[in-house]
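What follows is a short report on a single structure.
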Amino acid sequence: MKTITRQKPQEEVMGYLEKCRKVYVIGCGTCATLCHTGGKSEVLEMKEKLEAAGKEVTGWMIIPTACDELTKYALQEEAQKIKAADCVLVMTCAIGVQMVSLHLKGAKPVYPALNTLFIGMEESPGHFTEVCLQCGSCVLGRTAAVCPLVRCSKSLLNGPCGGSAEGKCEVSPDIPCAWQLIYDRLAEMGRLEELEEIEPVKDWSVSVSGGPRKVDIEAECTSVS
Amino acid sequence: MKAGTKLEKVLESGHFAVTAEAGPPKGTSAEAIQKKGELLRNCCDAVNVTDNQTAIVRMSSLAGCLLLKRQGIEPVMQMVVRDRNRLAIQSDVLGAVTLGIGNILCLSGDHQKFGNHPTAKGVFDIDSIQLIQTLKRMRDEKKFICGEDISGEVPIFIGAAANPFADPFEYRVSRLAKKVKAGADFIQTQAVYDVARFARWMEMVRERGLDKQVHILAGVIPIKSAGMARYMRDYVPGVIVPDEVVTRMEKAQSAKEEGLKIVLEIIEQLKEMPGVHGIHIMAVGWEDIVPELVEKAGLMPRPVL
């Protein structure tokens, strides 16, 4: 699983830093390094840009995996340099940004330098595709393991719309029609009759519409046993 | 009778139906839609009022339908799932039925990317097939999606779209079957230019006996100019305009006359096709041609039922 990120426009980043002269910069050694958005070279590049804009970089670090709880200890080790800064610029996914903010306990403003795009599958080196919406009620068993919620531009659950042409989505010739993919796979397996079943309306309450979702593994394991 | 609308009566009595499309204005002029209604009054059995077509914001379909209704013209309310969640959809259906609008056409809607608010969030809470199912349940069981009871009757003549020109071609008949199973009473198809492909689709429709379960109205769009023909061929999703049509339009002395001739030739073939129960004219930007078109197609006068 990889969180795919893209760098924000530098003007937006500089907008956040307008009132800060001293900045501490944090990158991540996992997904953001892989995406070339917040690894060591990008963090050093950012440092140069900030210095060229008249800012002082009090320090920087690459947290091995910014989203895990060890981030707390990394921040403790760098506490002095962070304290010397007016704010912290975080070049990680949104989870890393929130992890840093959580452990700094509001002591410093924390700003994101990246946009978090999606949880992606690496189809070939450096090529990431969004294949899961994390909807909370997986339909892959009925769609030949292709997710229509995220791969169909209209999240249709009952087959392709009238805009599917020659295997492509009406939205762009660069987007394969998810339902053509599903159709082809089911045809190959001799399972086309499954497409005649009507998929009922979806329960979005287990998705983003139900409020923030939480999982307590210990509690769930106990309730299963 | 499911809703007792004029469109339902025309189709159920075996007449070859004629419907036409009227897009509401990008503004607040009641006259804009009323003018189109007047133009179409005598040559169509019902008038479809589009719902933010091509994802461009316009006066709501519900308001447009009510304006037509007040003029004594029968509306078909188009409804896309792109802009409303299940709460808004069901409440609009109750409102429409209360105001005497009985024909509702269920659509996915063009993607918001094509419209004038390309950064909008597409809703797509339910899809077009689930919308058909929802209307059927509201009408036949008097229940909302959640299972709670609706007070009062919900008479609706349920419409759906079909596009035999989209891919995968073989699936297009299964998709129609699915819409019939969900509860569609009538179908309005994408515009036909490739008559051979449409005929192949209809043949498959008949093989499955679907033409006996649902009324199919074949879509037609009269083309006004060679430029419009090229634009439709190259840029409009889901439409197939054969090169031959474009060439004819380019070579014509009078593009409008040729455009009319082409659409009349197509209608002639559609009228002869078993299982086709009517035509749906989408004369975008050329509404004033519709009376002449219907007359020349030999479809006048319209039945009085």
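In this structure, is residue B:258 part of a helix (DSSP H, G or I), surrounded by fewer than 16 Cβ atoms within 10 Å (Cβ to Cβ) and at pLDDT 95 or above?
Spelling it out, it is not the case that residue B:258 is part of a helix (DSSP H, G or I), surrounded by fewer than 16 Cβ atoms within 10 Å (Cβ to Cβ) and at pLDDT 95 or above.
Scan (1) closer than 21 Å to residue B:121 by Cβ; (2) small (Gly, Ala, Ser); (3) more than 8 Å from chain B (Cβ to nearest Cβ) for the single condition residue A:144 breaks and write down its number.
In the conditions (1) closer than 21 Å to residue B:121 by Cβ; (2) small (Gly, Ala, Ser); (3) more than 8 Å from chain B (Cβ to nearest Cβ), residue A:144 misses (1) alone.
Taking the range B:273-295, which residues are of a type outside the set (Asp, Glu) and surrounded by fewer than 15 Cβ atoms within 10 Å (Cβ to Cβ)? Let's see the steps before the verdict.
First pass over the range B:273-295, keeping only residues of a type outside the set (Asp, Glu): B:273-286, B:289-291, B:293-294.
Listed by number, the residues that qualify are B:274, B:285.
If residue A:150 passes every condition in (1) away from every other protein chain (no Cβ under 14 Å); (2) under 15 Å from the mean Cα position of the chain (by Cα) but one, which one does it miss?
So the condition that residue A:150 fails would be (1).
Would you call residue B:176 more than 20 Å from residue A:160 (Cα to Cα) and touching a strand residue (DSSP E or B) at 6+ places or on another chain (Cβ under 6 Å)?
no
Which of the numbered conditions does residue A:200 fail, given that it passes all the others? Conditions: (1) more than 8 Å from chain B (Cβ to nearest Cβ); (2) surrounded by fewer than 13 Cβ atoms within 10 Å (Cβ to Cβ); (3) at pLDDT 95 or above.
The one condition residue A:200 does not meet is (1).
From (1) within 12 Å of residue B:65 (Cα to Cα); (2) assigned to a loop (DSSP other than H, G, I, E, B), pick out the condition that doesn't hold for residue B:27.
Status for residue B:27: all satisfied but (1).
For the range B:74-117, which residues satisfy the criterion of being touching a residue at least 60 places away in the same chain (Cβ under 8 Å) and in a loop (DSSP other than H, G, I, E, B)?
Result: B:74, B:102, B:110, B:115, B:116, B:117.
Do you know which of the residues in the range B:173-224 that are assigned to a helix (DSSP H, G or I), touching a Gly at 6+ places or on another chain (Cβ under 7 Å) and away from chain A (no Cβ under 11 Å) is surrounded by the fewest Cβ atoms within 10 Å (Cβ to Cβ)?
Among them, the one singled out is B:206.
Which of the residues belonging to the range A:155-194 are within 7 Å of chain B (Cβ to nearest Cβ), in a helix (DSSP H, G or I) and touching a Cys at 6+ places or on another chain (Cβ under 8 Å)?
If the condition is that a residue be within 7 Å of chain B (Cβ to nearest Cβ), in a helix (DSSP H, G or I) and touching a Cys at 6+ places or on another chain (Cβ under 8 Å), then no residue fits.
Given the criterion buried (at least 21 other Cβ atoms within 10 Å of the Cβ), closer than 23 Å to residue B:176 by Cα and away from chain A (no Cβ under 14 Å), identify the matching residue among B:132, B:89, B:104.
Of B:132, B:89, B:104, the one residue that is buried (at least 21 other Cβ atoms within 10 Å of the Cβ), closer than 23 Å to residue B:176 by Cα and away from chain A (no Cβ under 14 Å) is B:104.
The values are calculated or read from the model by the stated rules, or taken from the named source; none is laboratory data. No experiment lies behind these values; they were computed from the predicted model shown. So basically every Cβ, Gly included, is an ideal-geometry build from the backbone, and we count neighbours across all protein chains shown.
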